[in-house]
Amino acid sequence: MKSLSLATLTSAFCIMASNAQSLKYPVAPSDNTVDTYFGVSVPDPYRPLENDTAAATAAWVEAENAVTRAYLDKIPFRDDIHKRLTALFDYHKHGLPWKKNGWYYFYENDGLRNQAVLYRTRSLDKAPEVFLDPNTLSDDGTVALTGVFFSHDGRHAAYTISRSGSDWTEIYVMDTDTKQLLPDHIEWAKFTGADWQGDGFYYSAYPAPEKGKEFSNANENHRIYFHRLGTPQSDDILVYEEPDQPLKFFSASVPDDESVIFVSGSGQGLGNTLMVRSLADKDAQWKVMSPTQDYEVAVLDVIDGTIYIYTNYGAPRYRLMTATLDNPAMDQWKELIPEQKGVLTGVDFTGPDRMILTYNTDASNHAYVYTLEGRRIREIQLPSIGSVGFSASRKHPEVFYAFTSFAYPSALYRYDVDKNESSLYRGSDIKGFNPDDYVTEQVFYPSADGTEIPMFLTYKKGLRRDGSNPVYLYGYGGFNISLNPSFSAQRILWLENGGIYAQANLRGGGEYGEEWHLAGTKLNKLNVFNDFIAAAEYMIDRGWTNPGMLAIEGGSNGGLLVGATVNMRPDLFKVAIPRVGVMDMMRYHLFTIGWNWAPDYGTSADSPEMAAYLLGYSPLHNISDNGTPYPAIMVTTADHDDRVVPAHSFKYAAALQAADTGKAPKLIRIDSKAGHGAGKPVSKVIDEYADIYSFIFNNIGKVPAAR
């Protein structure tokens with residue numbers, strides 16, 4: 001490792017001192033809009049920024065990006081960070097193999113390809129052939145392959161793509177023997193796969209959106225269609241809809257024997273409805289399995305007429321139940337494997353008579369082998385504390401699993417179920433990085449109400465608790481999503497520069513089941529922010545760091561988390577990175593699928609109490625304007641984000657820049673041809689994190705070492 005020159009160091013610190021003072025922010029389009037919620041007037045002066053196709057908005061976006069780019073490009077070590085991140089990403093990344101009709105399929109990225117390539121081979125000992133390379137679908141890697149769905153006879157594969165990070169999905173079909181593309185093409189699908197029956201497949205779609213508002217208008221009236229190969233989309237058969245329930249998602253699934261079709265409906269509760277209908281009788285009626293969205297209900301498989309169901313019905317930490325096709329109603333289900341201390345997160349069938357169940361215990365995974373009758377045989381010994389995912393099938397006994405942790409890239413293992421033996425199949429080696437140089441520990445700290453919150457800390461061995469270490473604190477806290485140990489190449493740069501990566505398992509997530517989730521929703525949402533604030537206080541009180549070295553980051557619901565906690569405790573952080581965040585809690589439900597988040601957040605239309613609660617923490621509406629110093633903030637969003645529309649970040653950034661919050665920079669980085677994050681090309685990920693780390697290091701006053 002080489003040191004930067006004295007001239008570079010001097011230049012860097014001069015820029016740190018002067019950049020914020022010299023910033024001149026663009027004037028945002030504004031008007032005099034005022035909304036009224038149960039008699040309370042709430043100004044919304046930056047309402048024009050919700051029109052993302054307006055000329056004034058486009059001009060503001062261009063001006064904001066110019067300011068941000070000028071700031072970042074003046075940071076002298078930004079290029080060094082970009083080069084180091086490029087080197088860290090340049091390693092083989094292997095996906096789990098799965099077997100289909102005599103072929104092994106797997107994804108692999110040999111280094112810096114923008115998108116992973118799908119390969120296949122008859123034998124894992126032989127060189128594979130390319131089955132589908134999404135890098136050939138666009139010049140810049142912004143078309144992502146989001147799923148591949150094989151017909152049950154293996155003759156065809158439907159694959160789904162996303163363009164520029166949008167949630168809108170297109171479906172294409174290939175002949176698996178020739179790998180030739182068929183003329184079939186589906187547009188305006190969303191939140192869907194392709195479930196096959198005979199010579200066609202089921203998919204879910206919305207009506208085509210209004211031209212010019214494809215990425216902002218509310219999505220309503222999700223429907224299930226059947227597409228028969230060789231016919232135009234206009235001939236597709238409408239299979240299921242609920243016109244009186246426009247704010248629901250619907251998805252179809254068909255088991256391998258194609259005997260029945262299941263339809264799941266979700267979007268207005270914490271779970272989903274579920275119905276089943278015979279495919280053998282065209283006049284068969286739907287049978288209701290789960291009539292309410294109060295519980296999560298997922299069909300895992302149908303084996304000899306028995307339906308295997310994963311659910312939190314009567315079990316906040318989830319259990320496995322069974323039903324019969326003849327009488328599938330919920331009140332007739334039978335418990336197969338009861339709720340355990342850990343949270344059941346996955347069920348994989350392997351061979352004719354075995355299951356592998358994955359449980360989450362204190363935010364890390366444990367896996368066990370069971371019989372189909374529900375008897376536990378043994379635990380699978382995983383390499384260490386971390387996260388695991390399995391690839392298995394009832395049609396053959398081979399089992400593979402991927403294991404990862406904070407300092408360990410994903411490694412693939414073969415698992416012999418009968419012998420209870422794991423053997424390394426594929427590992428990953430990153431040049432210039434030794435996982436053994438780092439340590440991960442789990443701590444528990446009290447939140448404001450005394451609840452013990454778990455948090456993982458990863459750092460270089462030998463690091464001293466002298467109160468001066470840079471800390472990158474990450475959180476999410478919502479939608480029943482668990483933050484388990486995981487590896488990110490970009491995180492290495494932070495760790496090798498003496499930084500601590502802290503990942504807090506906040507309430508609102510799924511780490512301890514539905515009760516933990518509900519403790520961070522609606523009128524309990526402040527628990528999530530208090531948990532995050534307590535994590536920062538813990539790191540300071542225990543001598544790990546100080547407020548001048550503490551950076552926080554979160555995306556989507558985590559962007560809301562960052563925005564809200566900065567408003568609550570601006571003194572606690574030096575840098576904040578709210579990424580693609582939900583920043584306007586009064587209007588979030590009016591855009592694309594925002595209404596789907598109401599079970600977690602509630603809406604401003606629900607009641608006076610709910611509206612007041614949302615207004616009380618909404619990041620956009622609670623920015624201080626009295627000279628209180630805020631941390632340096634860089635907001636990130638993207639022009640094709642139709643999950644959390646960029647208007648959230650636009651209005652929040654405009655309000656920040658207009659308010660009196662001290663001299664620290666308040667920037668917004670608006671990516672182009674990108675969306676909420678899924679499928680983002682590797683090149684764009686590197687660019688984004690080069691900017692994020694440059695911004696953080698610049699504002700905590702630390703120059704990263706060059707290599």
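Looking at the square roots a ≥ b ≥ c of the eigenvalues of the Cα gyration tensor of the stretch 338-446, which shape do they give, rounded for a/c under 1.5, prolate if a/b is larger than b/c, or oblate? Here the stretch 338-446 falls in the oblate category.
Using θ = phi - 60° in the Karplus curve 6.51 cos²θ - 1.76 cosθ + 1.60, the 3J(HN,Hα) couplings for the stretch 373-387 round to 7, x, 8, 6, 9, 6, 8, 8, 7, 7, x, 5, 5, x, 10 Hz; x is entered for Gly and Pro. Per-residue extension of 0.36 nm, minus the Cα-Cα distance of Lys341 and Leu526, leaves a gain of 64.0 nm for this segment.
Solvent exposure of the stretch 358-420 amounts to 42 Å² per residue of accessible area, where only protein heavy atoms count and the probe is 1.4 Å. Within the chain, helices built from complete DSSP H runs that reach 18 Å or longer along their own axis (Cα positions) and carry a mean Kyte-Doolittle hydropathy of -0.5 or higher are 6-22, 55-73, 526-541, 682-700. Taking the Cα centroid of the stretch 449-521 and of the stretch 170-213, what is the distance between the two, rounded to the nearest whole Å? Spelled out, the Cα-based centre of one part sits 38 Å from the other. Find the relative contact order for the chain and round it to a whole percent, using C-alpha pairs within less than 8 Å whose residues are 6+ positions apart. Worked out over the chain, it gives 13 percent. Of the accessible area of the chain, computed with a 1.4 Å probe over protein heavy atoms only, carbon and sulfur atoms account for 48 percent. Under the rule of -39500 (n - 2.57) per DSSP H run of 4 or more residues, summed and divided by the residues of the chain, what mean residue ellipticity at 222 nm is obtained, to the nearest 500 deg cm²/dmol? After summing the helix terms and dividing by the residues of the chain, the value is -6000 deg cm²/dmol. Decide, for the stretch 395-514, between rounded, prolate and oblate: order the square roots of the alpha carbon gyration tensor eigenvalues as a ≥ b ≥ c, take rounded if a/c falls under 1.5, and otherwise choose prolate if a/b is larger than b/c, else oblate. Oblate is the answer for the stretch 395-514, as a/c is 1.5 or above yet b/c matches or exceeds a/b. All other residues whose Cβ lies under 14 angstrom from that of Thr350 are scored, Lys and Arg at +1 and Asp and Glu at -1, for a net of +1.
What net charge is computed for the residues neighbouring Pro578, neighbours being all others with C-beta under 12 Å from the C-beta of Pro578, Lys and Arg scored +1, Asp and Glu -1? Net local charge, Pro578 excluded: +2.
Taking all protein chains together and rolling a 1.4 Å probe, Glu421 ends up with roughly 110 Å² accessible. A cut-off of 5 Å between modelled amide H atoms, ignoring neighbours fewer than 5 places along the same chain, links Tyr240 with Ile224. Between the stretch 254-269 and the stretch 35-62, what's the alpha-carbon centroid distance in Å? Result: 40 Å between the Cα centres. With the simple model of a label 7 Å out from the Cα in the direction of the Cβ, Asp466 to Ala448 spans 3.5 nm.
Extension gain, Thr324 to Leu112: 0.36 nm times the residue separation minus the Cα-Cα distance gives 71.5 nm. Measuring nothing but how far apart in sequence close Cα pairs (under 8 Å, 6+ apart) lie, relative to its length, the stretch 299-419 scores a relative contact order of 14 percent. Protection proxy ranking, highest mean first, for peptides 395-401, 503-509, 591-597: 503-509, 591-597, 395-401, where packing is the per-residue count of other beta-carbon atoms within 10 Å, averaged.
Loop-resident trypsin sites (Lys or Arg not before Pro) (DSSP state other than H, G, I, E or B) in the stretch 416-487 with no more than 16 further Cβ atoms inside 10 Å of their Cβ: Lys419, Lys431, Lys461, Arg464, Arg465. About its Cα centre, the dipole of the chain is roughly 2180 debye, where the only charges are +1 on Lys and Arg Cβ and -1 on Asp and Glu Cβ.
The values are calculated or read from the model by the stated rules, or taken from the named source; none is laboratory data. Since this is a predicted model, take the numbers as computed values, not measurements. Backbone-built Cβ (ideal geometry, glycine too); neighbour counts: all protein chains shown. Ligands, DNA and RNA are stripped out before the accessible areas are found, and what is left, the full protein with its side chains, is counted by its heavy atoms. Shrake-Rupley method; radii C 1.70, N 1.55, O 1.52, S 1.80 Å.
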